[in-house]
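Encoded as structure tokens, the structure appears first; notes follow it.
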Amino acid sequence: GEDVEQSLFLSVREGDSSVINCTYTDSSSTYLYWYKQEPGAGLQLLTYIFSNMDMKQDQRLTVLLNKKDKHLSLRIADTQTGDSAIYFCAEIRNTPLVFGKGTRLSVIA
Amino acid sequence: NAGVTQTPKFQVLKTGQSMTLQCAQDMNHEYMSWYRQDPGMGLRLIHYSVGAGITDQGEVPNGYNVSRSTTEDFPLRLLSAAPSQTSVYFCASSRAVQETQYFGPGTRLLVL
């Protein structure tokens with residue numbers, strides 16, 4: 001099937017905002033997810049958005065969904081060094097989650 | 001509540017050996033799945049199960065077998081290990097397919 005696309009790398013300065021983008025493939029996807037993976041660890045669910053929403057905010061995290069363009073973004077406000085990780089977007093298709101290849105976020109102090 | 005547990009954490013195998021990666025969850029989740037993670041490839045689905053006694057293939061099932069005799073356990077078997085199976089393996093579970101998945105800590109496998 002078609003891939004969920006993400007840019008591979010993002011580098012930001014501590015205190016700035018980070019925006020991680022994702023293009024998904026299935027317009028009928030009901031949920032879209034953002035997972036975080038720290039070095040040597042498993043995946044941790046960060047947030048998710050239901051397909052009938054345009055935006056979801058959760059503390060420093062803002063998720064924007066553009067269904068027309070099948071575009072999902074994750075904004076992290078006031079990025080900290082602890083936010084350095086790989087971020088995966090994922091969509092639900094007919095069966096299980098389909099993941100993007102992940103965006104590695106590096107935060108420069 | 002331990003969540004999703006995986007054993008072992010690390011394993012080294014020789015080509016041709018067989019082994020079973022264990023996955024268990026204590027959340028009474030119906031849906032369980034296995035992924036492998038390789039550099040630059042993201043996570044790829046190997047097998048999944050929508051309930052006890054039901055399994056299905058994912059994107060990369062060759063060389064792996066699964067069974068789901070209980071709701072709690074979903075072991076992944078490598079029948080004859082190959083170097084191409086060197087990877088990090090993650091197990092995940094959720095109440096249903098379209099609900100939030102919770103991941104185990106992973107098993108790092110090296111096949112020589």
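The values are calculated or read from the model by the stated rules, or taken from the named source; none is laboratory data. All values derive from a computational prediction rather than experimental measurement. All Cβ positions, glycine included, derive from the backbone under ideal geometry; neighbour counts span all protein chains shown. What goes into the accessible areas is simple: the full protein's heavy atoms, side chains included, and nothing from ligands, DNA or RNA. Shrake-Rupley method; radii C 1.70, N 1.55, O 1.52, S 1.80 Å.
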For region A:59-70, does any single residue satisfy the condition of being more than 11 Å from every other protein chain (Cβ to nearest Cβ), open to solvent by less than 60 Å² (accessible area, probe 1.4 Å) and in contact (Cβ under 8 Å) with a residue 60 or more places away in the chain?
-> no
Would you call A:Gln6 within 21 Å of B:Val88 (Cα to Cα) and buried (at least 17 other Cβ atoms within 10 Å of the Cβ)?
-> yes
State yes or no: is B:Ser69 small (Gly, Ala, Ser), modelled with pLDDT of 95 or more and surrounded by fewer than 20 Cβ atoms within 10 Å (Cβ to Cβ)?
-> yes
If you check B:Tyr48, B:Tyr102, which single one turns out to be of a type in the set (Phe, Trp, Tyr), within 29 Å of A:Ser28 (Cα to Cα) and more than 11 Å from the chain's Cα centre (by Cα)?
-> B:Tyr102
Output the residues belonging to region B:72-102 that are touching a residue at least 24 places away in the same chain (Cβ under 8 Å), within 14 Å of chain A (Cβ to nearest Cβ), over 18 Å from B:Pro39 (Cα atoms) and open to solvent by less than 50 Å² (accessible area, probe 1.4 Å).
-> B:Phe74, B:Ala92, B:Ser93, B:Ser94, B:Ala96, B:Val97, B:Gln101
Count - residues of region B:53-100 that are outside any loop (DSSP other than H, G, I, E, B) and among the acidic types (Asp, Glu) = 2
When (1) in contact with an Asp or Glu (Cβ under 6 Å, 6 or more places away or on another chain); (2) open to solvent by less than 30 Å² (accessible area, probe 1.4 Å) are applied to A:Leu74, the one that fails is (1)
Please state which one of A:Ala109, A:Ala85 is more than 12 Å from every other protein chain (Cβ to nearest Cβ) and at pLDDT below 90.
-> A:Ala109
Sort out for me the strands (runs of 3 or more DSSP E) sitting completely within region A:1-72 that have 2 or more residues that are under 11 Å from the mean Cα position of the chain (by Cα).
-> A:18-23, A:31-37, A:43-50, A:61-66
What is the number of the single condition among (1) within 14 Å of chain B (Cβ to nearest Cβ); (2) buried (at least 21 other Cβ atoms within 10 Å of the Cβ) that A:Thr79 does not meet?
-> (1)
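Residue-by-condition table, conditions (1) crowded, with 17+ Cβ neighbours inside 10 Å; (2) touching a residue at least 60 places away in the same chain (Cβ under 8 Å); (3) on the phi < 0 side of the Ramachandran plot:
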site	(1), (2), (3)
B:Met27	no, yes, yes
B:Tyr31	yes, yes, yes
B:His47	yes, no, yes
B:Asn62	no, no, yes
Checklist (1) farther than 30 Å from B:Gln6 by Cβ; (2) at pLDDT 95 or above applied to A:Leu74, failing item = (1)
